[in-house]
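Asker: Quick one: structure below, then a few questions.
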Amino acid sequence: MLIRHRLQAIRLLVCDVDGVLTDGGLHYDEQGFVSKRFDVRDGLAMRMLQRAGITVALMSGGRSGAIEQRAQHLNINYCYIGISDKLLKIQSLAKNLDVMREEIAFLGDDLNDLAVRPAAGLLVATADAVFALRRQADWVLARPGGHGAVRELAEALLDSQHKLADLAHNGWRSHND
């Protein structure tokens, strides 16, 4: 019940990428190019959030053209890569969007995501996140990264804000990503 109440206030969802939107695996081809696998249900979840008026941001310490392509494909305007200090970046984004700490949820999976705790009103971990993050998170999801974790969080968030019932009843009437 406490998590549901906190979800009601969320206006900004910031997601780590590797290990959250992907399963954390890196696939190299013969030329050394990296490819990543994204879950289409997570993509639709981010679109659902955007349509409901919740801003979605992607933030990664890594650098990969795949991240930018995924963000562009989902019309995500706030995509930050190569970020060494996620806390400062979230604080800056919150200020620019005029969003308070209690209105920010962060979804992560690893130790570098612990640093955002002072800026996130709700710290959420994937089911397969490292132990230290799971232990300190406000909520540990049932789904692992790259396999519907974003969708699980998005549905709970939308349900808490009474924005999921219509979708669940009438379905989605746009393309799936």
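Asker: Which one is farthest from Gln50 (Cα to Cα) among residues in the range 126-161 that are surrounded by fewer than 23 Cβ atoms within 10 Å (Cβ to Cβ) and among the β-branched types (Val, Ile, Thr)?
Answerer: Per the criteria, the residue is Val130.
Asker: A follow-up question, please. Looking at this structure, is Gly32 small (Gly, Ala, Ser), buried (at least 22 other Cβ atoms within 10 Å of the Cβ) and either modelled with pLDDT under 90 or assigned to a loop (DSSP other than H, G, I, E, B) (or both)? Even if it seems obvious, please write down each step before you answer.
Answerer: On the way: small (Gly, Ala, Ser): yes; buried (at least 22 other Cβ atoms within 10 Å of the Cβ): no; either modelled with pLDDT under 90 or assigned to a loop (DSSP other than H, G, I, E, B) (or both): yes.
Against the criterion (small (Gly, Ala, Ser), buried (at least 22 other Cβ atoms within 10 Å of the Cβ) and either modelled with pLDDT under 90 or assigned to a loop (DSSP other than H, G, I, E, B) (or both)), Gly32 does not qualify.
Asker: Quick test of your reading of the structure: Leu21 fulfils all but one of (1) assigned to a loop (DSSP other than H, G, I, E, B); (2) more than 24 Å from Arg101 (Cα to Cα); (3) touching an Asp or Glu at 6+ places or on another chain (Cβ under 8 Å). Name the failing condition by number.
Answerer: Only one criterion in (1) assigned to a loop (DSSP other than H, G, I, E, B); (2) more than 24 Å from Arg101 (Cα to Cα); (3) touching an Asp or Glu at 6+ places or on another chain (Cβ under 8 Å) is unmet by Leu21, namely (2).
Asker: With respect to Gly61, determine if the residue is loosely packed, with under 13 Cβ neighbours inside 10 Å, not acidic (Asp, Glu) and not in a strand (DSSP E or B).
Answerer: Taking the combined requirement at face value, the residue does not satisfy it.
Asker: Could you please find all residues in the range 91-111 being under 17 Å from Gly61 (Cα atoms) and buried (at least 19 other Cβ atoms within 10 Å of the Cβ)?
Answerer: Leu93, Phe106, Leu107, Gly108, Asp109, Asp110
Asker: For the range 80-114, give me the residue count where each residue is aliphatic (A, V, I, L, M) and within 19 Å of Ile54 (Cβ to Cβ).
Answerer: Number of matching residues: 9.
Residues are listed down the side, and each one gets a yes or a no for (1) assigned to a loop (DSSP other than H, G, I, E, B); (2) within 26 Å of His27 (Cα to Cα); (3) among the aliphatic types (A, V, I, L, M):
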site: Leu44; (1), (2), (3): no, yes, yes
site: Met48; (1), (2), (3): no, no, yes
site: Ile67; (1), (2), (3): no, yes, yes
site: Arg70; (1), (2), (3): no, yes, no
site: Leu93; (1), (2), (3): no, no, yes
site: Ala105; (1), (2), (3): no, no, yes
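Asker: Please work out which one of (1) outside any loop (DSSP other than H, G, I, E, B); (2) buried (at least 16 other Cβ atoms within 10 Å of the Cβ) is the condition His5 fails and give its number.
Answerer: With (1) outside any loop (DSSP other than H, G, I, E, B); (2) buried (at least 16 other Cβ atoms within 10 Å of the Cβ) applied to His5, the lone miss is (2).
Asker: Would you say Val56 is crowded, with 17+ Cβ neighbours inside 10 Å and either in contact with a Lys or Arg (Cβ under 6 Å, 6 or more places away or on another chain) or assigned to a strand (DSSP E or B) (or both)?
Answerer: Criteria met by Val56.
Asker: Right, something else. Which of the following residues is free of Cβ contacts under 8 Å to residues at least 40 places away in the same chain and not in a loop (DSSP other than H, G, I, E, B): Ala132, Ala142, Ala154, Ala127?
Answerer: The conditions single out Ala132.
Asker: Could I ask something else about it? Would you mind telling me which numbered condition in (1) modelled with pLDDT under 90; (2) over 18 Å from Gly145 (Cα atoms); (3) out of contact with any strand residue (DSSP E or B) (no Cβ under 9 Å at 6 or more places or on another chain) Gly24 fails?
Answerer: (2)
Asker: A further question on this structure: Just checking, does the range 37-52 include any residue being within 24 Å of Asp98 (Cβ to Cβ) and either basic (Lys, Arg) or without any contact (Cβ under 8 Å) to a residue 24 or more places away in the chain (or both)?
Answerer: Yes - at least one qualifying residue is present in the range 37-52.
Asker: Which of the residues that make up the range 115-124 are buried (at least 20 other Cβ atoms within 10 Å of the Cβ) and assigned to a helix (DSSP H, G or I)?
Answerer: Correct list: Val116, Ala119.
The values are calculated or read from the model by the stated rules, or taken from the named source; none is laboratory data. Note that the coordinates shown come from a computational prediction; the quantities given were computed from them, not determined experimentally. Here Cβ is always computed from backbone atoms with ideal geometry, including for glycine, and neighbour counts include all displayed protein chains.
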